[in-house]
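S.K.: Take a look at the following structure, please.
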Amino acid sequence: MRPSSSLLRRTLVPFVAAVALLGTAGSSVVGAVEACGSVITAPLAPPVSADDPCPSTDPVVCRIRVLPMDEKVEAQRIRIRYHELLEDMHRTEADMRAAGFTDEEIARELVDMRNQAKGITRAGMSPEEVRILEERNIVKYGNPLGPTADQLYAKYGSWQQVIDASMRTSYAVDRELSLEYRPCPV
């Protein structure tokens, strides 16, 4: 018995749409089934006037809102690359756990990887964008790349929480770039 065309449409259309969406994000067809990594959630919002009040307290979000569309597309591409680096961190954590490393050793490695990831993604940004990010981090952490492992340990009180924090992404920045980050299974 052949499936009805409406059943076929209900099954195939969402799958094809997912593949197209994830293909835009540089993911594979396998990623379409698992829906992990960087997921584009909507079209990018058009730029707003710099005179419009920003609803966010995050200066990065405020900066993204006013970017011309071509720069927003590039910012989204850079953010997707950052999410790919977070995936590398998840795999590193799994490998280190399997090899018997302590939570402290894993946390220190992941904080270093996160800072390296920031450096890699910032290489594709304008000097002005990098300046805004670094100024925010200097004010907040006293370090242009962000908190150290020891600062995070002092804040959270456990190395496991430092591990978790090192692999978080800014929901507000992701949302402004029409992205959602979903860690892939390791």
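S.K.: Could you order the peptides 132-139, 161-168 from most to least packed, using the average number of other C-beta atoms within 10 Å per residue?
M.R.: Per-residue mean Cβ counts within 10 Å order the peptides as 161-168, 132-139.
S.K.: Something else: Full extension from SER126 to GLN151: what is 0.36 nm times the residue separation minus their Cα-Cα distance, to one decimal in nm?
M.R.: 6.2 nm
S.K.: Carbon and sulfur atoms: what percent of the 1.4 Å accessible area of the range 57-147 do they account for?
M.R.: Carbon and sulfur together cover 55 percent of it.
S.K.: A follow-up question, please. Run the quick spin-label model on GLN116 and MET69: label points 7 Å from Cα toward the beta carbon, then report their separation in nm to one decimal.
M.R.: So the two model labels end up 3.8 nm from each other.
S.K.: A follow-up question, please. All other residues with a Cβ under 12 Å from the Cβ of ILE163 taken together, and with Lys, Arg as +1 and Asp, Glu as -1, what is their net charge?
M.R.: Taking every other residue near ILE163 into account, the sum is -2.
The values are calculated or read from the model by the stated rules, or taken from the named source; none is laboratory data. Owing to the predicted nature of the structure, the values given are computational and were not obtained by experimental measurement. Positions of Cβ are backbone-derived with ideal geometry, glycine not excepted, and every protein chain shown enters the neighbour counts. Please note that ligands, DNA and RNA were not included when accessible areas were found on the heavy atoms of the full protein model with its side chains. Shrake-Rupley method; radii C 1.70, N 1.55, O 1.52, S 1.80 Å.
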